[in-house]
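The values are calculated or read from the model by the stated rules, or taken from the named source; none is laboratory data. The model shown is predicted, which means the values in this text are computed figures rather than measured ones. Cβ atoms come from the backbone with ideal geometry, glycine included; neighbour counts cover every protein chain shown. Please note that ligands, DNA and RNA were not included when accessible areas were found on the heavy atoms of the full protein model with its side chains. Shrake-Rupley method; radii C 1.70, N 1.55, O 1.52, S 1.80 Å.
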2 protein chains.
Amino acid sequence: MASPLPAVNTYSLSNYSYLTTKHPKIHKHTSHADPFDRMKLNYMKDGMRTSVEGILVVYERNHPHLLLLRQIENTSYKLPGGRLKPGENEIEGLKRKLTSKLGSNSPDQVPEWKIGERVATWWRPNFEDVMYPYCPPHITKPKECKMIYMVHLSEKECFEVPKNIKLVAVPMFELYDNIQNYGAVLSSIPQQLSRFQFRMIIKS
Amino acid sequence: MASPLPAVNTYSLSNYSYLTTKHPKIHKHTSHADPFDRMKLNYMKDGMRTSVEGILVVYERNHPHLLLLRQIENTSYKLPGGRLKPGENEIEGLKRKLTSKLGSNSPDQVPEWKIGERVATWWRPNFEDVMYPYCPPHITKPKECKMIYMVHLSEKECFEVPKNIKLVAVPMFELYDNIQNYGAVLSSIPQQLSRFQFRMIIKS
């Protein structure tokens with residue numbers, strides 16, 4: 001028998017809020033304006049980059065929405081997450097990154113992150129934008145492996161982000177098949193989540 | 001801690017063969033040439049259609065390939081599977097459908113199907129081609145729910161198909177992002193499978 005569908009409890013978008021009180025992160029290595037230059041330098045030092053990102057789902061009008069970070073200056077959307085340290089465990093690294101992207105400055109108010117199942121794995125064969133959901137044949141030295149995980153949110157949460165960032169809830173129907181606005185990774189998340197059973201928890 | 005990645009043992013394409021010795025299936029209700037006419041009639045009788053399909057993976061040149069059925073007269077590709085009977089269990093129904101599409105005519109040579117995890121769920125809101133990986137908001141009566149499962153193949157297998165059908169192995173890199181040739185459901189399977197760990201089993 002197949003195992004039952006993995007279930008995800010989701011709560012209303014109105015249960016979540018965010019403050020823009022965190023200091024914006026000062027980018028390291030600002031001398032390397034091209035992000036792929038920095039990736040190349042790090043690759044020579046540490047080998048393939050491994051990065052982790054989290055999928056946080058809420059509901060609004062009976063439909064699941066994804067929480068995404070949007071830079072105010074450009075309109076690019078990102079899942080919260082980032083690069084692992086060399087040798088760092090994926091789950092611990094994702095918790096660290098979620099705290100640095102969404103947690104409060106005061107360590108006693110950091111959410112207790114519950115990391116669920118792996119949802120997708122993407123591979124970057126070259127120092128370029130394009131990634132694939134498999135390591136392409138004949139690529140023996142991929143430059144990045146990005147692992148995306150389900151994050152099970154608590155019923156209520158107050159996040160904190162820097163003031164140049166907005167935390168937005170994007171409906172599945174807006175992401176789906178919308179590679180132009182969200183890119184290949186985000187626009188295929190609805191298909192990857194279609195195997196989950198989203199339980200919308202309504203509190204009286 | 002998150003659970004370990006689900007693993008799928010895959011074997012070389014050369015371990016599998018197929019015969020075209022089975023009688024082609026005579027379509028029921030041939031008076032209804034439009035498939036959506038038939039779907040409407042069945043909907044009035046039985047309610048929402050539920051269908052199941054199986055993902056069968058083999059490897060060739062170190063890259064995972066999907067086994068698909070291709071009609072000879074047109075060039076449309078299909079996952080093996082089909083419609084459940086009213087009230088039929090998904091897993092049992094998928095085994096029955098795999099046997100009818102790929103099994104031998106002699107009942108003692110039917111493969112022992114091992115059905116794994118749900119990979120995706122697609123919804124058809126109307127009597128039309130388009131499906132979504134979620135039930136769209138405001139759709140209270142979807143017309144079809146299609147569930148796609150991983151099928152764990154045995155090391156060797158000889159399938160049997162009707163003579164107007166070919167069984168073909170399509171590489172992930174050919175399916176990926178190729179909605180024009182394979183449609184929305186098949187072209188997004190590489191993303192859905194990216195969370196699996198494919199172990200290519202090489203026999204000496």
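A compact table of results
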quantity	calculated
Cβ-Cβ under 6 Å pairs, at least 6 apart or on other chains, segment A:105-130 side without any contact (Cβ under 8 Å) to a residue 60 or more places away in the chain, far side in a helix (DSSP H, G or I)	A:VAL110/A:THR99; A:TRP113/A:LYS95; A:TRP113/A:LEU98
B:ILE189 within 9 Å of chain A (Cβ to nearest Cβ), hydrophobic (A, V, I, L, M, F, W, C), buried (at least 21 other Cβ atoms within 10 Å of the Cβ) and in contact with a Leu (Cβ under 8 Å, 6 or more places away or on another chain)	yes
B:TYR59 being within 26 Å of B:SER187 (Cα to Cα) and away from every other protein chain (no Cβ under 14 Å)	no
Options B:SER106, B:SER17: the member that is under 30 Å from B:GLN191 (Cα atoms) and among the polar types (S, T, N, Q)	B:SER17
Unique match (being surrounded by 11 or more Cβ atoms within 10 Å (Cβ to Cβ), outside any helix (DSSP H, G or I) and within 14 Å of chain B (Cβ to nearest Cβ)) among A:LEU66, A:LEU19, A:LEU94	A:LEU66
Filtered residues of segment A:47-63 (kept if surrounded by fewer than 17 Cβ atoms within 10 Å (Cβ to Cβ) and in contact (Cβ under 8 Å) with a residue 60 or more places away in the chain)	A:MET48, A:GLU60, A:ASN62
Qualifying residue in segment B:160-183 (condition: among the aliphatic types (A, V, I, L, M), within 9 Å of chain A (Cβ to nearest Cβ) and open to solvent by 20 Å² or more (accessible area, probe 1.4 Å))	yes
All positions within segment A:134-153 that are open to solvent by 40 Å² or more (accessible area, probe 1.4 Å) and away from chain B (no Cβ under 11 Å)	A:LYS141
